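These notes are about the structure you will find just below.
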Amino acid sequence: MTADGIERMTPHPSPALLTPSGALPLPIFLPDATRAVVRGVDSADLEACGVEGLVMSAYHLMQRPGSTTVSALGGLGTMTGWRRPIITDSGGFQIYSLIRENPNAGTLRDKGATFAIEGKKINLTPEKSIQLQLSYRSDVVICLDDCTHPDAPDADQRESVRRTIRWARRCKGEFERILSGRKGDAPRPLLFAVVQGGASRDLRRECAEALLAIGFDGYGYGGFPLDGEGNLLTEILGYTRDLIPRGYPMHALGVGHPKNVWTCHALGYPIFDSAMPTRDARHGRLYVIDGDPRRGGDWLRYIYADDKKHLKDGQPIDSACDCPVCQRYPLGYIHHLFKIGDSTFQRFATMHNLRTMTRLIAILREGV
């Protein structure tokens with residue numbers, strides 16, 4: 001314990017992230033269940049696809065169904081029937097997407113953020129973000145950060161880093177305060193901080209060094225991982241990973257394209273989350289691992305469910321896939337479900353894409 005009353009944390013190298021709801025083997029891909037649901041599927045479907053953890057949104061859940069409802073229903077795991085670990089995000093991305101992108105949608109101050117939503121004002125401070133996430137019984141809590149786009153002006157990036165560091169210190173203090181008041185020896189959730197700094201190496205280093213001095217269980221790459229053209233920011237992602245000792249797990253926040261997951265894992269990131277695979281599924285873009293990614297080449301292929309060439313196709317989406325959909329239904333039927341707009345298509349497509357992601361993770365765990 002230091003003079004500021006904050007307990008320092010030390011690295012703990014492990015092939016798994018140990019949480020109150022169980023171990024998360026690393027590497028791992030976590031689907032985004034933003035509003036406490038992966039759209040189109042339930043918890044049993046997710047388990048059948050090999051999903052081992054989820055990411056849920058503190059910002060969205062405090063609005064609907066509301067924090068008191070989540071608490072009354074026993075926390076996110078009990079409410080959703082999900083018995084495996086849950087990571088909750090802090091609301092930092094919404095600061096970018098709702099306020100920095102549209103100043104009329106709210107205000108951003110050192111105290112916190114105020115969102116103007118449906119005629120109401122919603123305040124989110126670092127302390128409130130931690131309070132919400134712990135009340136949801138999250139297994140991994142993420143500090144509130146000031147998220148930016150890599151193309152944002154230098155002044156904005158500097159302000160973001162300064163604010164992210166101050167907020168992380170406040171989040172750590174509130175986290176320790178709440179846990180110190182708990183009775184019994186219940187397993188302790190983990191606390192992650194987020195490294196901001198845009199595309200600036202100097203700012204990334206400044207942010208990482210300050211967060212390491214405060215001390216957290218793990219860290220995340222903050223800000224958009226893609227440039228304006230949709231290309232992965234490999235150089236700055238790799239540099240940011242190198243700033244954090246390898247004993248600490250690092251979360252590539254928002255990275256979910258299969259090829260980007262593969263690339264970021266090679267850079268040293270073991271944790272990934274994104275809505276991309278499930279969003280692609282709902283829109284009819286289905287993933288196929290074509291060959292062995294370890295051999296390089298163009299190993300990812302897409303099948304588009306609306307393509308009329310699939311009308312009478314009696315083969316599964318992917319003959320190498322062991323998901324419940326590929327084991328039972330031909331692609332021609334998947335095409336039919338898509339064309340008639342039946343909700344069963346969303347379920348089937350989502351299950352397939354998620355199983356493809358967990359199969360990809362299994363290959364990574366075998367070693368590159």
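The values are calculated or read from the model by the stated rules, or taken from the named source; none is laboratory data. Quick caveat: nothing in here was measured; it's all calculated off a predicted structure. Ideal geometry is used to build each Cβ from the backbone, glycine not excepted, and the neighbour counts take in all protein chains shown. Accessible surface areas use protein heavy atoms only, side chains included; no ligands, DNA or RNA. Shrake-Rupley method; radii C 1.70, N 1.55, O 1.52, S 1.80 Å.
What accessible area per residue, rounded to a whole number of Å², is obtained for the chain using a probe radius of 1.4 Å?
Ligands and nucleic acids excluded, the figure is 44 Å² per residue.
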Problem set entry | Hz values of 3J(HN,Hα) by residue in the range 65-79 - Karplus curve (6.51, -1.76, 1.60), Gly and Pro given as x | x, x, 5, 5, 5, 4, 5, 5, 8, x, x, 4, x, 5, 4
Seminar exercise, completed: The extension gain from SER343 to ARG201, computed as 0.36 nm times the residue separation minus the Cα-Cα distance, is 46.5 nm
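Checking understanding here: applying a Kyte-Doolittle mean of at least -1.0 and a length along the axis of at least 30 Å (C-alpha), which whole DSSP H helices in the chain pass? Let's see the in-between values first.
Values: long enough: 154-180 (39 Å, -1.26); 343-366 (35 Å, -0.08).
Helices meeting the criterion: 343-366.
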For this session: Starting from the Cα of ASP185, step 7 Å along the direction of its Cβ; do the same at GLU118; then give the gap between the two resulting points in nm.
Result: 4.5
Exercise. Of the heavy-atom accessible surface of the chain (probe 1.4 angstrom), what whole percent is carbon and sulfur?
Worked result: 49
Exercise. What is the spin-label model distance, in nm, from TYR304 to LEU226 if the labels are put 7 Å beyond Cα along the C-beta direction?
Worked result: 1.7
Exercise. How do 135-141, 79-85 rank on mean C-beta neighbours within 10 Å, highest first?
Worked result: 135-141, 79-85
Seminar exercise, completed: Scoring the range 148-210 by relative contact order with C-alpha pairs under 8 Å, at least six apart, yields a percentage of 48
Problem set entry | Cross-link table LYS309/LYS339; LYS111/LYS172; LYS312/LYS339; LYS128/LYS172; LYS259/LYS312, entries beyond 21 Å C-alpha to C-alpha | LYS259/LYS312
Exercise. Which shape class applies to the range 256-313: rounded if a/c is under 1.5, otherwise prolate when a/b exceeds b/c and oblate if not, where a ≥ b ≥ c are the square roots of the Cα gyration tensor eigenvalues?
Worked result: oblate
For this session: Quote the relative contact order of the chain in percent (integer), defining contacts as alpha-carbon pairs under 8 Å separated by 6+ residues.
Result: 17
Exercise. Considering the chain as a Gaussian network with a 10 Å cut-off on Cα pairs, which listed residue, LEU124, LEU73, LEU203, attains the greatest mean-square fluctuation?
Worked result: LEU73
Problem set entry | Label-point separation in nm, ARG246 to ARG177, each point 7 Å along Cα→Cβ | 3.9
Problem set entry | Lys, Arg +1 and Asp, Glu -1 on Cβ, resulting dipole of the chain about Cα centre, debye, nearest 20 | 680
For this session: Output the relative contact order of the range 85-201, whole-number percent, from Cα pairs under 8 angstrom with separation of 6+ residues.
Result: 28
For this session: Give the ranking of GLU101, GLU206 by solvent-accessible surface, highest area first, calculated with a 1.4 Å probe.
Result: GLU101, GLU206
For this session: Under a 10 Å cutoff between Cα atoms, tell me which one of PRO225, PRO126, PRO153 has the largest fluctuation in the Gaussian network model of the chain.
Result: PRO153
Seminar exercise, completed: Honestly the range 101-212 on the Cα gyration tensor test (a ≥ b ≥ c root eigenvalues; a/c under 1.5 rounded, otherwise a/b vs b/c for prolate or oblate) is just oblate
Seminar exercise, completed: For the range 220-324, shape from the Cα gyration tensor axes a ≥ b ≥ c, cut at a/c of 1.5 then a/b versus b/c, turns out prolate
Exercise. In the Gaussian network model of the chain, springs joining C-alpha atoms below 10 Å, which of ASN353, ASN104, ASN260 carries the largest mean-square fluctuation?
Worked result: ASN104
